[in-house]
Structures are given as C-alpha cells and as structure tokens.
Amino acid sequence: MTKLKYDVVVVGARVGGSTSALFASKSDVDVLMLEKRQEIGTPVQCAEGVTYNTFETLEIKPNEKYIRSRIKGANIHAPDGRCINYEGGVAEGLVLDRKVFDKELASEAAKSGSDIMVKTAVKDLIIKDHKVCGVIAKHLGETIEVKADVVIAADGIESNMARMAGLKTIQSPKQICSCAQYEMVGVDVDPNYLEFYFGENVAPKGYVWIFPKGDGVANVGVGIRSPDKTPLYYLDKFVSKLDAKPVELNIGGVPLSGPIEKTYTDGLLVVGDAAGHVDPITGGGIHPTITCARIAGEVAAESVKNEDSSSNYLKNYEKLWKKEVGKGLSQSAKFRKMADKLSDKDMNLLAEFIENQDIESISKIAALKFVGKNPNLMKLLTEIL
Amino acid sequence: MEVQSEYCGYCGSCVTVCPEGIIELAENGLKVEIGCTDCGNCVYVCPMGALIVEKDDD
Ligand SMILES: Cc1cc2nc3c(=O)[nH]c(=O)nc-3n(C[C@H](O)[C@H](O)[C@H](O)COP(=O)(O)OP(=O)(O)OC[C@H]3O[C@@H](n4cnc5c(N)ncnc54)[C@H](O)[C@@H]3O)c2cc1C
Ligand code: SF4
Ligand code: SF4
C-alpha cells in the first residue's frame, strides 16, 4: 500500500474541488486533489451557463478557450406561448464549454502547486478519535492511504464522503430536480439569449432550457420533479419539434433543498453539490459552489497553519460562506416554494401582466393591484411573506 | 430495487436519496449492496428510468 501525507486532500476535481485546491495552494499549503474519473470535466452534467461574478470570485479572466456564447438576456415562454424578454441583470453571462473550463480550472490549481491524481476513487475516510484525518483511495487496483489535516469533500451529488463522516446529507427525492439534456446541432435560436419554457405538459415542476453555444449548437434540456415520467421522456417530446440532431446526452440531478444542515466536522469540509450549494430557484450551482469552495480552501489552509483542524476551528468556514451566499440561497428557497404552487393559469396571468412592460420599472402599486385581483397569487404571496 | 444497467447514465442522483446509503457509483457501474428496503426514492429521481421497484399488488 502506498502511503502519502498532505496538508489538505480534496475529493472531486470539478468546479468545487479545483476552486478549493486553487485557493488552498495559493495560501502555501500542500494539496492533493483526487478525481475518480479518468478525465476531469466529463461527463458534463450542466447546461454550462455562468454569471460574470463567477470569474470575479475566482480572480481569473474568462478565457476564449472555453467561452461558447455571450449572453445578453433571456426569453421566458409561458405555458400559453406568451414570451417575456428579460434583458441583462441576472440573465447576463456566458455559456461555457465545461469540458475545457473544468480542466482549465484544475490546471490553475496545479499551476499554483496542487498535486492531482485522476482515475483515483476515494473509497473511505480515515477516522481517528472521531476526527477525519485522511482518505483511502484506489488507483488502478492499488490502495493508497493519504493522511491529511483537512479533507475537503467536493464529490458532488454522488457524495459519500460527508455521510461517511457522520453528516446528514441524504436528500428527499422531491427536492431533486431530475434532468436530461442533449447538446444539439441545428438549433435555430438567437446565440445571445437563453430560452426557458414553462408548463405542466412541457416540464412538470421544472422547465425546459435552451442555452446557445454558437453556430446553431445549443444545450437543450429538461429538469422536472415528478415521478410519473422521466425527464428524458419530456426532452424527447420537446426536441421532436426542433429540426436538430443530438451529439451528446447529459443527465444529472440538481439538489434544490438548499444547503445541508452542517457543512463541517472535525477534519472535514463539504462544498458544492455535496453540500447543497445550489440556487433552489434556478438550479444554478457554479457560482455558489465556487464561492463556498474558495472559502473552504482558504479556511483549510489557515487551519493547517494554526495546527487546528478541529470542528471548532473549521466552523469558521460555515460562518463565512453563510455570510456570502446564505441569505441569497434561503431567499431563493422561499421563492421556489411559491413557484412550486403556481399553476399554468397563474403563470399565464403573470406573463400577461409583465408582457410589454419594462420589468425593472413595474411600480409596486401596479404589482399589488394585479396580485389583489388574482386571489390565488395573493394567497401565495401572503404565505411567503 | 432492480437496476437495468443498459439504461443507467451514471449520474449519481440515486446515491444522494438512498436512506440506506447502499448505492455506490463505482468504476464499472452502479454497485448496490444488500439492505435495500424498496423505498423507491432512487426510482423517483432516476432521469433514465433505469431503476425498478416491484410494487405490491394489494
Ligand atoms: C443538467 C444540469 C444542468 C445544470 N446547469 C447549470 C448551469 O447552467 N449553471 C450552473 O451554474 N449550474 C448548473 N448546474 C449545477 C452545476 O452543474 C453543479 O452545481 C456544479 O457542477 C457542482 O459542482 P461540484 O464540483 O460541487 O460537483 P460535481 O460537478 O458533481 O463534481 C464532483 C466530482 O467529484 C468526483 N467524485 C465523486 N466521488 C468521488 C470519489 N469517491 N473519489 C474521487 N472523486 C469523486 C466526480 O467524479 C466529479 O468529478 C446544472 C446541473 C445539472 C445536473
Ligand atoms: S429502493 Fe430505497 S433503499 Fe433501495 S436502493 Fe433505492 S433508495 Fe436505496
Ligand atoms: S439515477 Fe439512474 S442513471 Fe443516474 S446513476 Fe442512478 S441508476 Fe444510473
């Protein structure tokens, strides 16, 4: 058995893992990042849309190597076909090629000093006196023991690490948005706008998205929360109307419950999808993941320098990420509860109200008048408030 | 619970909802250890319809 010793071990090498590794090694500690797949970034489990603040948090300039499209806004299609155009704001950003981006981010971590092993699956945690102090991994049939002061679990939705450390990570199936997506060629859409389609027949408790990647290529996907039929069923139904051909099928689940109860324990931090760092309304996880993963990397490095990786020290991580994204995530969770209750009729009414108005300049009085005339929406709003 | 492995797309959604913690996305496919209670959580979230739980007929 090979035995290794590092200050920090990161499990998983996609956006969460690479960000933690990058910022931990920037703080001058020894970092090893382990990825079970043989290629970082595959298979893609993402529509690949990001906001610009992702790159501000990373302190990296977006690179043409992975930018597929620059997004100026979104077109939102109500169940009755009405279309609302939304310019700028939260809809502004980039559509990436995540296979290139994820690998690039891992390379940044490597350049700042992190060691990386691929095709290396972590199978177990080393726990001594209730403290996580390393991992047991398998690489090409060989068992590797890696001792570390801090383990960062960035192992995504298929996460086992946090659970092994005794944290409560199990998700209710109703809180998982089940997704299927084709990357398609020959999609006739504006390359600078995201398209969203809503409706019980299109995507129950979810939506259809088209994220353009230039040259008539786009990610066309469906996310639903309903056990009756699979998202693949709804996706095939939707794309049958498009004269486009698939070149890739991506599937995955997005945890919409908001963050797990506790994201740290003695010797271990949890980040990204594994920690529920995903916006419950949009399903966007890249920005919250990167924000929290950066903090995890920095706190892990500080704890190494202070020779204290106990729960008591590492709780700083949770305090700091909550300060950055906690409020936003819980507000989104509230809105999602409201959105869950909207019927197709409610959505059509809302779309009718917003149509032809500049969303930013709708007055509070006009909005209240509208809600007042629609008892179901009024009831929902009062419940939320 | 039964896995129709030819449908599985290897996404890991089933792992996160299994209350027994018996599903692992291993190198060569989905590994399910003993202890399944047929609760159906994994079936609910699988995007590919790869998982089946026998329903009681009563
Ligand atoms: C269909 C879909 C569309 C989405 N679209 C968007 C979008 O457009 N914009 C957005 O912001 N977010 C989107 N998201 C969410 C976003 O993709 C995730 O929130 C984000 O990728 C989470 O990153 P992560 O690093 O936490 O986890 P992951 O990306 O899941 O990475 C986990 C990594 O850990 C590895 N791993 C797991 N277990 C082990 C182990 N035992 N040993 C070693 N390695 C291990 C895995 O192989 C994987 O590489 C989407 C999600 C889905 C499913
Ligand atoms: S049916 Fe329930 S217990 Fe059995 S594998 Fe699926 S989630 Fe786990
Ligand atoms: S949820 Fe379905 S497709 Fe995904 S890993 Fe589990 S069985 Fe396979």
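The values are calculated or read from the model by the stated rules, or taken from the named source; none is laboratory data. Note that this is a predicted model, so its numbers are computed, not measured. Quick reminder, even Gly has a Cβ in these numbers, built from the backbone with ideal geometry, and neighbours come from all protein chains shown. The accessibility values were calculated without ligands, DNA or RNA, using every heavy atom of the protein model including side chains. Shrake-Rupley method; radii C 1.70, N 1.55, O 1.52, S 1.80 Å.
A few points about this structure:
Rundown of residues vs (1) on the phi > 0 side of the Ramachandran plot; (2) among the charged types (D, E, K, R); (3) touching a residue at least 60 places away in the same chain (Cβ under 8 Å), yes/no style:
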{"site": "A:TYR317", "(1), (2), (3)": "no, no, no"}
{"site": "A:LYS323", "(1), (2), (3)": "no, yes, no"}
{"site": "A:LYS341", "(1), (2), (3)": "no, yes, no"}
{"site": "A:ILE354", "(1), (2), (3)": "no, no, yes"}
{"site": "A:ALA367", "(1), (2), (3)": "no, no, no"}
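- Complete set of residues in segment A:136-160 that are touching a strand residue (DSSP E or B) at 6+ places or on another chain (Cβ under 6 Å) and either open to solvent by 40 Å² or more (accessible area, probe 1.4 Å) or modelled with pLDDT under 95 (or both): A:ILE136, A:LYS138, A:HIS139, A:LYS147, A:ASP149, A:ILE157, A:GLU158
- Checked against (1) within 18 Å of the chain's Cα centre (by Cα); (2) farther than 19 Å from A:ARG336 by Cβ; (3) facing another protein chain (nearest Cβ under 9 Å), A:ARG163 passes all but condition (1).
- Looking only at residues in segment A:23-37 that are near ligand 1 (Cβ under 8 Å from one of its atoms) and assigned to a loop (DSSP other than H, G, I, E, B), the one that is most open to solvent (accessible area, probe 1.4 Å) is A:LYS36.
- Condition met for A:ASN219 (open to solvent by 20 Å² or more (accessible area, probe 1.4 Å) and either more than 15 Å from the chain's Cα centre (by Cα) or free of Cβ contacts under 8 Å to residues at least 60 places away in the same chain (or both)): no
Quick grid of which residues meet (1) more than 9 Å from ligand 3 (Cβ to nearest atom); (2) modelled with pLDDT under 95; (3) under 9 Å from the mean Cα position of the chain (by Cα):
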residue: B:GLY29; (1), (2), (3): no, yes, no
residue: B:THR37; (1), (2), (3): yes, no, no
residue: B:CYS42; (1), (2), (3): no, no, yes
residue: B:ASP57; (1), (2), (3): yes, yes, no
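- First in segment B:1-21 and at the interface with chain A (Cβ under 9 Å from one of its Cβ atoms), second anywhere and in a helix (DSSP H, G or I) and open to solvent by 40 Å² or more (accessible area, probe 1.4 Å), Cβ under 7 Å, 6 or more apart: B:GLY21/A:ARG163
- Any hit, segment A:195-210, residues being facing another protein chain (nearest Cβ under 9 Å) and crowded, with 20+ Cβ neighbours inside 10 Å: no
To keep it simple, each residue is scored yes or no on (1) closer than 20 Å to A:GLU183 by Cα; (2) away from every other protein chain (no Cβ under 14 Å); (3) within 15 Å of ligand 1 (Cβ to nearest atom).
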site: A:GLU39; (1), (2), (3): yes, no, yes
site: A:GLU48; (1), (2), (3): yes, yes, yes
site: A:ILE60; (1), (2), (3): no, yes, no
site: A:TYR66; (1), (2), (3): yes, yes, yes
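- Set side by side, the residues A:LYS138, A:LYS111, A:LYS128, A:LYS123 differ, and just one is without any contact (Cβ under 8 Å) to a residue 24 or more places away in the chain, within 26 Å of A:PRO255 (Cβ to Cβ) and more than 17 Å from the chain's Cα centre (by Cα), which is A:LYS123.
- Taken across segment A:284-305, residues that are more than 22 Å from A:LEU58 (Cβ to Cβ) and within 14 Å of chain B (Cβ to nearest Cβ) do not occur at all.
- For segment A:168-217, the set of residues classified as away from ligand 3 (no atom under 16 Å from the Cβ), part of a loop (DSSP other than H, G, I, E, B) and hydrophobic (A, V, I, L, M, F, W, C) consists of A:VAL187, A:VAL189, A:PHE198, A:VAL202, A:ALA203, listed by residue number.
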